[in-house]
Structure formats: C-alpha cells, structure tokens
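Colleague: There's a structure below that I have some questions on.
The values are calculated or read from the model by the stated rules, or taken from the named source; none is laboratory data. Quick caveat: nothing in here was measured; it's all calculated off a predicted structure. Cβ sites come from the backbone with ideal geometry, for glycine too, and all protein chains shown count toward neighbours. Accessible surface is based on the protein model in full, side chains and every heavy atom, while ligands, DNA and RNA are left aside. Shrake-Rupley method; radii C 1.70, N 1.55, O 1.52, S 1.80 Å.
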Amino acid sequence: MPSYLITGASRGLGLGFVTELLKKKENTVIATARNTAGSPGLQKLKQEHPDGRLILLDLDVTSADSIKTAAEATNKLLLGGLGNLISNAGVYYNGLKTFDELHVIYRIVEDLQKEVNFNITSQLLLLRAFVPLVRKSQAKKILVITSGLGSIQNAPYTPNLANGYSVAKAALNMLVRKYSAVLKNEGITTALLHPGWVGSTDIGNGISDWMNAYAPDYENLSLETSAAGCMKVLDTLTPKDNGEFFNHDGTKIPF
Ligand code: NDP
C-alpha cells in the first residue's frame, strides 16, 4: 500500500497535496500539522474519507519533541515503513526587503535567522527522525518542497524579491543535496521541488506585489494544478533523479 506523510498540511499546498493523494484509493495519507484539529480543511477531508486512509497527526517541525513523537506514532501506524515523506512546511518573514535597510538591521537578521533556522534545523531534525521509517519501505522516496527563489543561478533575475527567504531556501537546497548523496547509498531517492508560483496561498500571496509589478507573465498557478504536477513528479521519481531540483512540471531547475 503506497504511504505518504506530509508536513504543513493544515492549509495551502500541503492541504492540496493531501487532497490530490486521496484521489487514489490505494493510498494511505498521514497529514500532519501543528494543530490538525484546528484546520477546517483537514477536518473536512477527514469527514469525507471515513475509510481510515487519511490519518491526522500533530507535528510542529520546529519542535524536536514533536518530531520524535510523530515519528514514533508513524512507525506504529505503518508497519511496512513510510514510502513517501513530503517535507512541505514553510515560513516567509520577508525582513530582508532591500540590502540597504541598515536602520532595521536587527529585525532583518532576526527574520533571516528564523527562516534559516526553520529551513535547516527543522529539516535536519525531520530527516533524521523519518529516514529510518523511509528506509523500511519499498518506495523509499523523500520530496522536499523548496522554492525557485533558492536557485543561486537564477538569483540575478529577482532583485529584492524575498531576499531572506531566498537565502534560506538556497541553504535548504544545499542541505538536502548533501544529505541525498548519503541516502542514495541506502536506495533512498531524495529530490527538491519548486511548486511554481501559487498566489492563492499565504506564502505565494506574500510575493504577489513583486510578481505583478516585475514578472506579470509568470504563471500564477491554481493550487490544484500545482498539487497535481508536484505529486506526478513524486510519482515518477526514480533513483537517477536523486539530489535533483525539479519544477512542478517535471523540468529541472538549475541550482
Ligand atoms: P502557506 O503559508 O499556505 O502554508 C504554510 C504551511 O506551513 C502551513 O500549513 C503552516 O501551518 C505550515 N507551518 C508553518 N510553520 C510550521 C511548523 N512550525 N510546523 C509545521 N507546519 C508549519 O504556504 P504554501 O502552501 O504556499 O507553502 C508550502 C511550501 O511551498 C513552503 O515550503 C513554501 O516555501 C513553498 N513554496 C510556495 C510557493 C507559492 O507560490 N505558494 C512558491 C515556492 C515555494 P500552520 O497552519 O500551522 O501555520
């Protein structure tokens, strides 16, 4: 039975991934969020799927205890291991708006540190806790949702767009690429994925002013289109894709 665990599934893309995955009757989906009981989207899906294929689990990715508890619970729920881990939870503070905002340097540094901490410390703790479960499975796949803004090569095209967020996602990309080189030896396939610009979510909406002003032709994807594309990329991942950086449509993005 294909199994999936998604972080940050309370709303936005995470909820979209859960919705998309539940369309296949054979899938078991563990949707995690800081507060699953407080997510109207997850509660509605739970009511619509009383067959037990959707399991809700509380998981705060910034808490080592919460990650450990969720990993232990998942281990008991999925005896055959976790086939697919989808690390999706994200934050966007945007303190670092322009590089000459020196008068607010402390807030900039604070926001940047929070973003880097979220993308590095939380990601590392999550991977360390869940890799043993993925190792036990047949599918052995890990998908980390990042952003095209984390591409160092493409950075010259987005001046002053989400500077801190971009730095944090670039660091995430390196962490995951390095980690994937190790996991490859265990037959685990790990990939990075940019879901496209989805302006209807909170994070996507956070960059909409810049996008509308400077990149009016860049497609604003619907949640459904992005989620379907992202899950197709996950579905078609093979070991040769290990460590790669994909767009939602399956094309590659340069690091
Ligand atoms: P949203 O703001 O809609 O969702 C963010 C999700 O992350 C929420 O479910 C939120 O949960 C969760 N989250 C935040 N902090 C934590 C935490 N400590 N523990 C667990 N979950 C947490 O944004 P998106 O859906 O757009 O973002 C999803 C991912 O996609 C992010 O990694 C983002 O960087 C990436 N992305 C999005 C793009 C877009 O255009 N939308 C473009 C490129 C990348 P809660 O409800 O508890 O706050």
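Colleague: Listed highest first by mean packing, meaning other Cβ atoms within 10 Å per residue, what order do 8-21, 112-125, 137-150 come in?
Modeller: For the peptides 8-21, 112-125, 137-150, the packing ranking is 8-21, 137-150, 112-125.
Colleague: Can you give me the P(r) profile for the range 17-101? Cα pairs, bins 10 angstrom wide beginning at 0, each as a whole percent.
Modeller: The distribution over the range 17-101 is 14, 43, 27, 10, 5, 1, given as percents.
Colleague: Further question: Mean residue ellipticity at 222 nm from the helices of the chain, using -39,500 (n - 2.57) per DSSP H segment of n ≥ 4 over the full residue count, to the nearest 500 deg cm²/dmol? Working shown, then result.
Modeller: Details: 9 runs with 105 residues, N = 255.
The helix contribution divided over the chain gives -12500 deg cm²/dmol.
Colleague: Can you compute the modelled spin-label distance between ASP235 and GLN43, with each label point 7 Å from Cα toward Cβ, in nm?
Modeller: My value for the distance between the label points is 3.1 nm.
Colleague: Go through the range 224-232 residue by residue and turn each phi into a ³J(HN,Hα) via Karplus (6.51, -1.76, 1.60, θ = phi - 60°); whole Hz please, and just put x for glycine and proline.
Modeller: 5, 4, 5, 4, 5, x, 4, 6, 5
Colleague: What is the dipole size for the chain, taken about its Cα centre, with +1 at each Lys and Arg Cβ and -1 at each Asp and Glu Cβ, in debye to the nearest 20?
Modeller: Taking the Cα centre of the chain as origin, the dipole is about 920 debye.
Colleague: Given H placed 1.01 Å from N in the peptide plane, which residues other than close sequence neighbours of ALA215 have an amide H under 5 Å from its amide H?
Modeller: Answer set, sorted by chain and number: none.
Colleague: Using a 1.4 Å probe on the protein chains only, how many percent of the accessible area of the chain belongs to carbon and sulfur?
Modeller: Numbers: 6840 of 12470 Å².
The value for the chain is 55 percent carbon and sulfur by accessible area.
Colleague: Would you mind calculating the gained length between LYS136 and GLU224 on full extension (0.36 nm times residue separation, minus the Cα-Cα distance), in nm to one decimal?
Modeller: Difference between extended and current length: 28.6 nm.
Colleague: Could you tell me which of the pairs LYS23/LYS232; LYS24/LYS68; LYS178/LYS240 are separated by over 20 angstrom between their Cα atoms in the structure shown?
Modeller: Values: LYS23/LYS232 13 Å; LYS24/LYS68 29 Å; LYS178/LYS240 15 Å.
Check vs 20 Å cut-off fails for LYS24/LYS68.
Colleague: For the range 159-235, state which GluC sites (Glu not before Pro) are in a DSSP loop and have at most 16 other beta carbons lying within 10 Å of their beta carbon.
Modeller: Within the range 159-235, the qualifying GluC sites (Glu not before Pro) (loop, at most 16 other Cβ atoms within 10 Å) are GLU219.
Colleague: Tell me, what is the per residue accessible area of the chain in Å², probe radius 1.4 Å?
Modeller: Normalised by residue count, the accessible surface of the chain is 49 Å².
Colleague: Under a GNM of the chain (C-alpha, springs under 10 Å), which listed residue has the highest mean-square fluctuation: ILE30, ILE188, ILE207?
Modeller: The residue that fluctuates most here is ILE207.
Colleague: For the chain, compute Rh as the Kirkwood radius over C-alpha pairs and then the Stokes-Einstein diffusion coefficient at 10 °C and 1.306 mPa s; write the answer in µm²/s, rounded to an integer.
Modeller: The diffusion coefficient I find is 86 µm²/s.
Colleague: Please tell me the relative contact order of the chain in percent, rounded to the nearest whole number, where contacts are Cα pairs under 8 Å and at least six residues apart.
Modeller: Worked out over the chain, it gives 19 percent.
Colleague: Charges on Cβ only, +1 for Lys and Arg, -1 for Asp and Glu, centred on the Cα centroid of the chain; of THR251, THR69, GLY8, which one is farthest towards the dipole's positive end?
Modeller: Value computed over the given set: THR69.
Colleague: Also, quick follow-up: Please name which of ASN185, GLY196, THR98 has its Cα lying farthest along the dipole of the range 98-255 towards the positive end, using unit charges on Cβ (Lys, Arg +1; Asp, Glu -1) and the Cα centre as origin.
Modeller: Value: ASN185.
Colleague: Right, here's the next one. Using a 10 angstrom cutoff on alpha carbons, build the Gaussian network for the chain and name the most mobile of VAL233, VAL109, VAL176.
Modeller: So, out of VAL233, VAL109, VAL176, the one fluctuating most is VAL109.
Colleague: If you take every DSSP beta bridge whose two residues both sit in the chain, what share of them, in percent to the nearest 5, is antiparallel?
Modeller: 5
Colleague: Size of the dipole of the range 123-255 about the Cα centre, Lys and Arg at +1 and Asp and Glu at -1 on the beta carbon, nothing else charged, in debye to 20?
Modeller: On the way: 12 positive and 10 negative charges, 178 e Å.
Using Cβ point charges on Lys, Arg, Asp and Glu, the range 123-255 gives about 860 debye.
Colleague: Local charge sum around LEU77 (other residues, Cβ-Cβ under 13 Å, Lys/Arg +1, Asp/Glu -1)?
Modeller: Residues close to LEU77 contribute a combined charge of +2.
Colleague: Please list 3J(HN,Hα) in residue order for the range 16-31, calculated via the Karplus relation 6.51 cos²θ - 1.76 cosθ + 1.60 where θ = phi - 60°; whole Hz, with x for glycine and proline.
Modeller: Working through the residues one at a time gives x, 5, 4, 4, 5, 5, 6, 5, 9, 4, 7, 7, 9, 10, 9, 9 Hz.
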